[in-house]
Amino acid sequence: MTEQKNSEPLWWGLFSAGGVVAAFLVPIHIIIFGFAVPLGWISDSGMLYHNWLIKIYLFVLITLPLYHWAHRFYFALNDMKLGFPRKPVAALCYGGALVGTLATLWVLLSL
Amino acid sequence: MSGTRPDQSKLYHRKMSAAWWLKKPSYFFFMLRELSSVFIAIFLVVFLVQLYQLTRGPEAYAAFAHKLSSPGWLAFNLVTLLFALYHSITWFQSSAIVLPVRIGERELPRNLFVALNVAALGVVSLIILVLFLTLEG
């Protein structure tokens, strides 16, 4: 219990940073990669993503909102009173975000 | 202030139905806001899969982008965009309360704070779009 309490500011900080990234950066990315590129309005050769600065940007863009999701989903599931046990749900949510972070790191490093 | 927490098992808990959030519009919008994070996360995971395709070559990458032009994916991305904008607005609204901006003695009106953030979202989006088009072209 005490360990969970001590790590709370870290998770909240990640939640908050993820909320900012999602609020300011995600909508335009949905417009570009969800509509403009698939529909052929603009072209995307993929060459950009070999650049290191862009890789760092993509790392921030993809991973931080995952922690935002983990935090919200965990608390929403608890609030919904579905009767799921707290600790395994927390492990799944925050663990999922960690797995996503490692996967992002792996993909960006292999590019 | 080092009082111990009361024993959870001895506290009175009122029974709550799992559908409590359907009972009031404000509760429903709260859940909708929480749900926005799910759609945003799925979009980013799909984007990550798209980047993974790039590690397999430009053809695989282009094929994946083409796959996203199907009506199902376009519908999903439209819903996700609406959820993302809903997240942006509600995030700005809560920031106005959590991080109030003061100018001298007076607090910046919350509506103005939200409007300035919406303007910033527009400017940031435009910069990303222009950067993308310039670097890609």
Restrict the check to region A:8-19 and report whether at least one residue is at pLDDT 95 or above, within 22 Å of residue B:77 (Cβ to Cβ) and facing another protein chain (nearest Cβ under 8 Å). yes
For the structure I just gave you, tell me whether residue A:91 is crowded, with 21+ Cβ neighbours inside 10 Å, more than 8 Å from chain B (Cβ to nearest Cβ) and either of a type in the set (Gly, Ala, Ser) or in contact with a strand residue (DSSP E or B) (Cβ under 6 Å, 6 or more places away or on another chain) (or both). no
Matching residues in region B:61-75 - criterion: being more than 8 Å from chain A (Cβ to nearest Cβ), more than 12 Å from residue B:50 (Cβ to Cβ) and assigned to a helix (DSSP H, G or I): B:71, B:72, B:75
Give just the number: which of (1) more than 19 Å from residue A:17 (Cβ to Cβ); (2) touching a residue at least 12 places away in the same chain (Cβ under 8 Å); (3) of a type outside the set (Phe, Trp, Tyr); (4) facing another protein chain (nearest Cβ under 7 Å) does residue B:37 not satisfy? (1)
Kindly indicate the residue of region A:48-88 that is surrounded by 15 or more Cβ atoms within 10 Å (Cβ to Cβ) and small (Gly, Ala, Ser) and also modelled with the highest pLDDT among those meeting that condition. A:70
Going by the conditions given, is residue B:81 without any contact (Cβ under 8 Å) to a residue 24 or more places away in the chain and exposed (fewer than 12 other Cβ atoms within 10 Å of the Cβ)? no
Quickly run through region B:41-97 and pick out the residues that are over 18 Å from residue A:50 (Cα atoms) and among the hydroxyl-bearing types (Ser, Thr, Tyr). B:69, B:70, B:80, B:86, B:88, B:90, B:94, B:95
Out of B:114, B:101, B:118, report the one residue that is touching a Leu at 6+ places or on another chain (Cβ under 6 Å), farther than 30 Å from residue A:111 by Cβ and either free of Cβ contacts under 8 Å to residues at least 60 places away in the same chain or within 8 Å of chain A (Cβ to nearest Cβ) (or both). B:101
Is one or more of the residues making up region B:15-26 surrounded by 16 or more Cβ atoms within 10 Å (Cβ to Cβ), among the charged types (D, E, K, R) and under 23 Å from the mean Cα position of the chain (by Cα)? no
Give me the residue from region A:43-82 that is touching a Phe, Trp or Tyr at 6+ places or on another chain (Cβ under 6 Å) and at the interface with chain B (Cβ under 7 Å from one of its Cβ atoms) and, out of that set, nearest to residue B:48 (Cα to Cα). A:46
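The values are calculated or read from the model by the stated rules, or taken from the named source; none is laboratory data. Everything quoted here is computed from the prediction, not taken from an experiment. Note that we place each Cβ from the backbone using ideal geometry, even for glycine, and neighbour counts take in every protein chain shown.
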